[in-house]
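Below: one structure, written as structure tokens.
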Amino acid sequence: MRHEMSYSDGRVWGVLTTERAESSRNIPVLVVADVAYGPADSVAGLPNADVFGATTAASLVANWGSGSRTNDERTAADRFCRQWIDGPQVSGAIYR
């Protein structure tokens with residue numbers, strides 16, 4: 001499974017994927033600049049980091065997954081975020 005996350009201009013900034021060794025039990029990891037992150041990991045280096053600072057991978061994925069996404073994308077985002085129950089979660093209906 002591989003879902004690209006991109007800016008409004010189409011540039012890909014991250015990938016939610018199970019195609020990495022860091023992924024286990026079909027639970028995706030977030031890959032940014034070829035580094036794999038779990039939900040509670042701090043992701044630095046994205047645009048506006050100088051203004052907003054680093055953010056957690058779960059915040060990025062929950063925000064992405066809560067938008068207008070396919071059921072597969074929303075499910076992948078939900079599986080990623082659910083690993084950190086106290087962290088940000090995907091909003092809206094998720095069909096499990």
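The values are calculated or read from the model by the stated rules, or taken from the named source; none is laboratory data. What you see is a predicted model; the values in this text were computed from it and never measured. Please note: Cβ atoms are built from the backbone with ideal geometry, for glycine as well, and neighbour counts cover all protein chains shown. Accessible surface is based on the protein model in full, side chains and every heavy atom, while ligands, DNA and RNA are left aside. Shrake-Rupley method; radii C 1.70, N 1.55, O 1.52, S 1.80 Å.
Rounded if a/c is under 1.5, else prolate if a/b is larger than b/c, else oblate: which is segment 1-49, with a ≥ b ≥ c the root eigenvalues of its Cα gyration tensor?
On the way: a/c = 2.67, a/b = 1.45, b/c = 1.84.
Verdict is oblate for segment 1-49.
For semi-axes √(5λ) of the Cα gyration tensor in Å, pick the label among [x] 19, 15, 14; [y] 40, 14, 12; [z] 28, 19, 11 that corresponds to the value derived from the coordinates.
[x]
Rounded to the nearest 500, what is the chain's calculated 222 nm mean residue ellipticity when only DSSP H runs of at least 4 contribute -39500 (n - 2.57) each, over all residues?
That calculation yields -6500 deg cm²/dmol at 222 nm.
Just how large is the dipole of the chain about the Cα centre, in debye to the nearest 20, putting +1 at every Lys and Arg Cβ and -1 at every Asp and Glu Cβ?
Roughly 340 debye, rounded to the nearest 20.
Suppose all protein chains stay in the model; what accessible area per residue would a 1.4 Å probe give for the chain, in Å²? Please list the in-between numbers first.
Values: 5670 Å² over 96 residues.
Value returned for the chain: 59 Å² of accessible area per residue.
Could you work out the longest stretch of the chain that avoids the chymotrypsin sites (Phe, Trp or Tyr not before Pro) located in DSSP loops with at most 12 other Cβ atoms within 10 Å?
Counting only loop sites that pass the neighbour cut-off, the longest clear stretch is 8-94.
Rounded to a whole number, what % of the accessible area of the chain do carbon and sulfur atoms account for, probe 1.4 Å? Don't skip to the end; give the middle numbers.
On the way: 2680 of 5670 Å².
Carbon plus sulfur share of accessible area: 47 percent.
With axes computed from alpha carbons, what is the tilt in degrees of helix 71-81 against the longest principal axis of the chain, rounded to the nearest 10 within 0 to 90?
70 degrees
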